[in-house]
Amino acid sequence: ELQQPLTTILCNAQAAQLMTAREPLDVAELREILQEIVSDDQRAGQVIQSLRALLLRGETKFQRVDIGKMVSDVMTLARGALMERNVQVNLRIDEDVPAVHGDPIELQQVLLNLVLNACESLSDNAARDRRVEVVAGLDEEPGAVRISVLDCGRGIDTDQLERVFDPFFTTKESGLGLGLAICHSISVAHGGRLWATNRADRGAAFHFTL
């Protein structure tokens with residue numbers, strides 16, 4: 001929960017350092033990056049407050065969550081990591097996608113984890129061939145919303161499509177194998193589900209419903 005905003009703060013700070021070496025300096029963009037660092041720091045504090053409330057209360061704080069705003073907030077949080085990895089993101093949010101009832105911080109955690117995982121899957125791609133697509137709209141199941149994160153990486157081995165959600169299973173050298181397991185639990189707690197598929201051409205797709 002805390003690693004995501006802390007990582008984004010670091011990436012944004014590093015991006016700002018790179019910008020200061022350029023001539024001329026883009027002051028407007030630098031101010032934007034600094035504002036995002038402030039926002040990420042505040043989000044880290046909100047996460048601590050949320051987890052403290054969760055432990056004391058024993059329940060998740062559900063409220064109305066606007067899907068478009070949630071996606072936008074996550075893109076802001078991921079901006080530093082996307083810049084650092086030279087990843088282009090395309091958003092496709094249906095205009096008629098309804099709001100959902102859930103915990104906004106937990107839902108941001110799910111989407112942010114999937115976006116950052118997608119970025120990592122593109123590390124072997126050429127710099128001009130790193131694309132991630134985030135799609136949100138109505139699911140086939142009545143009353144449900146589906147959010148998908150698509151990448152153009154190497155995909156997932158068929159025998160690992162289900163195992164990637166197992167606690168402590170990881171394909172990363174330094175991974176803990178808990179990110180997707182936590183995301184799966186959050187999806188289930190929100191009455192939805194999370195699953196992975198390989199795309200027809202190349203790359204993987206992660207979908208979760210609410």
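The values are calculated or read from the model by the stated rules, or taken from the named source; none is laboratory data. What you are looking at is a predicted structure, and each value in this text was computed from that prediction instead of being measured. Ideal geometry is used to build each Cβ from the backbone, glycine not excepted, and the neighbour counts take in all protein chains shown. Note: areas computed on protein heavy atoms with side chains; ligands, DNA, RNA excluded. Shrake-Rupley method; radii C 1.70, N 1.55, O 1.52, S 1.80 Å.
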Open item on the list: Tell me yes or no: at least one residue of region 106-128 is within 24 Å of R193 (Cβ to Cβ), assigned to a strand (DSSP E or B) and in contact with an Asp or Glu (Cβ under 9 Å, 6 or more places away or on another chain).
Closed with: no
Task: Whichever residue in region 16-56 is modelled with pLDDT under 85, assigned to a helix (DSSP H, G or I) and open to solvent by 100 Å² or more (accessible area, probe 1.4 Å) and, among such residues, is farthest from Q109 (Cα to Cα) - done: L56
Task: Hits in region 61-74 - residues which are under 13 Å from L112 (Cα atoms), of a type outside the set (S, T, N, Q) and open to solvent by 30 Å² or more (accessible area, probe 1.4 Å) - done: D73
Open item on the list: Being in contact (Cβ under 8 Å) with a residue 40 or more places away in the chain and in a helix (DSSP H, G or I) is the requirement here; does L150 meet it?
Closed with: no
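Answer yes or no: is there a residue in region 167-184 that is part of a helix (DSSP H, G or I), on the phi < 0 side of the Ramachandran plot and of a type in the set (S, T, N, Q).
Residues of region 167-184 part of a helix (DSSP H, G or I): 179-184.
Add one more test, that the residue is on the phi < 0 side of the Ramachandran plot, and what stays is 179-184.
In the following step, the residues that additionally are of a type in the set (S, T, N, Q) were identified as none.
No; the residues of region 167-184 include none that is part of a helix (DSSP H, G or I), on the phi < 0 side of the Ramachandran plot and of a type in the set (S, T, N, Q).
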Task: S185, sole failed condition from (1) farther than 23 Å from L91 by Cβ; (2) open to solvent by 80 Å² or more (accessible area, probe 1.4 Å); (3) out of contact with any helix residue (DSSP H, G or I) (no Cβ under 8 Å at 6 or more places or on another chain) - done: (2)
Task: Pair list, Cβ under 7 Å, 6 or more apart: region 91-120 residue farther than 18 Å from P5 by Cβ and modelled with pLDDT of 95 or more, other residue aromatic (F, W, Y) and surrounded by fewer than 21 Cβ atoms within 10 Å (Cβ to Cβ) - done: none
Task: Failed criterion for T158 (all others in (1) on the phi > 0 side of the Ramachandran plot; (2) surrounded by fewer than 21 Cβ atoms within 10 Å (Cβ to Cβ) hold) - done: (1)
TODO: Please state which one of L210, L138, L178, L150 is of a type outside the set (F, W, Y) and either at pLDDT below 90 or out of contact with any Asp or Glu (no Cβ under 9 Å at 6 or more places or on another chain) (or both).
DONE: L178
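When only residues in region 137-147 that are without any contact (Cβ under 8 Å) to a residue 60 or more places away in the chain and of a type outside the set (A, V, I, L, M) count, which is surrounded by the most Cβ atoms within 10 Å (Cβ to Cβ)?
Here is the first cut: in region 137-147, the ones without any contact (Cβ under 8 Å) to a residue 60 or more places away in the chain are 137-138, 140, 142-143.
Narrowing the set further to residues that are of a type outside the set (A, V, I, L, M) leaves 137, 140, 142-143.
Working: G137: 15, E140: 7, P142: 6, G143: 10.
Out of the qualifying residues, it is G137.
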- [ ] May I ask you to say which residue of V97, V115, V110, V89 is open to solvent by 20 Å² or more (accessible area, probe 1.4 Å), under 18 Å from L210 (Cβ atoms) and of a type in the set (A, V, I, L, M)?
- [x] V97
Open item on the list: Pull out all pairs, ordered by first then second residue, where Cβ-Cβ is under 6 Å, the residues are six or more apart or on different chains, the first lies in region 1-22 and is under 16 Å from C119 (Cα atoms), and the second is open to solvent by 70 Å² or more (accessible area, probe 1.4 Å) and not hydroxyl-bearing (S, T, Y).
Closed with: C11/E84
Task: Qualifying residues in region 118-136 (those that are in contact with a helix residue (DSSP H, G or I) (Cβ under 9 Å, 6 or more places away or on another chain) and open to solvent by less than 30 Å² (accessible area, probe 1.4 Å)) - the one farthest from I67 (Cα to Cα) - done: L122
